[in-house]
Amino acid sequence: MLTYRHSTLAALATTTTGAFLTIPSVALLGVLIAPFGLGVLPVLVALVVYALLPITRNTIVGLQEVDPAVVEAGRGMGLSRTRVLWDLRLPLAWPVIFAGVRVSTQIIIGIAAIGAWVKGPGLGNQIFNGLGRFGGANSLNQVLTGTLGIVVLALLFDLALAGVARFTTSRGLRA
């Protein structure tokens, strides 16, 4: 939110978070083993890193694309820059910002499966166990179970977030 008014800072924020997203997930998890060890913590750090780009980009774009006439009307009514941000810009940008949250959720659900590689919890363990026993009895079933579980989980999260978006977006802004 601090960068939307300054094009240089906005470009720096989106470029930096975009660069994070280009790092292969297995490589990032491998690098995170040294400071955080095995388990949940390196997976959580990696997921936060991968979730940043859609949320950052959509927040900046959403706040920048608020109609200048609306902002000027608020300023003309005596609202401070802080009140304009909280009372006008954020509510009007909320659908765009929340779309970034939904995209980030889908990205990190898929990447979280790879967290099993560093002993993280989740359905990725099903996939890795099945791949480790490739050619053995039920190995394909185990991989498919983990994969379908992740797909169903992603769909359920998206459905829940669509409901949250509808509930938190004012009626006048709903499409």
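Would you mind calculating the relative contact order of the chain from Cα pairs under 8 angstrom and at least 6 residues apart, reporting the percent as a whole number?
Reported relative contact order: 22 percent.
Just to verify a number: FRET efficiency for Q64 and A34, C-beta to C-beta distance, R0 = 41 Å, to 0.05?
0.60
In a solvent-free Debye calculation with one equal scatterer on each Cα, what is log10 I(q)/I(0) for the range 7-173 at q = 0.13, 0.14, 0.16, 0.20 Å⁻¹, listed in the order of the q values?
-0.77, -0.84, -0.99, -1.24
Within 10 Å, count the other beta carbons around each residue, average over each peptide in 119-126, 81-88, and list them highest first.
Result, highest mean first: 119-126, 81-88.
So which residue, out of S25, S80, S139, gets the largest mean-square fluctuation from a GNM of the chain using Cα contacts under 10 Å as springs?
S80
Could you give the length gained on full extension between H6 and T168, defined as 0.36 nm per residue of separation minus the Cα-Cα distance, in nm?
55.6 nm
Please give the charge dipole size of the range 31-175, origin at the Cα centre, charges +1 on K and R Cβ atoms and -1 on D and E Cβ atoms. Round to the nearest 20 debye.
In total the dipole reaches around 140 debye.
Testing the spin-label approximation: label points 7 Å from Cα along Cα→Cβ at L79 and R133. State their distance in nm.
Using points 7 Å along Cα→Cβ, the separation is 6.0 nm.
Most fluctuating residue of V118, V49, V31 in a GNM of the chain with Cα springs under 10 Å: which is it?
Judging by the Gaussian network model, the answer is V31.
Between A137, A11, A165, find the one with the highest GNM mean-square fluctuation for the chain; connect C-alpha pairs within less than 10 Å.
A137
Coordinate-derived values only; no laboratory data. These numbers were taken from a predicted model, which means no experiment stands behind them. Positions of Cβ are backbone-derived with ideal geometry, glycine not excepted, and every protein chain shown enters the neighbour counts.
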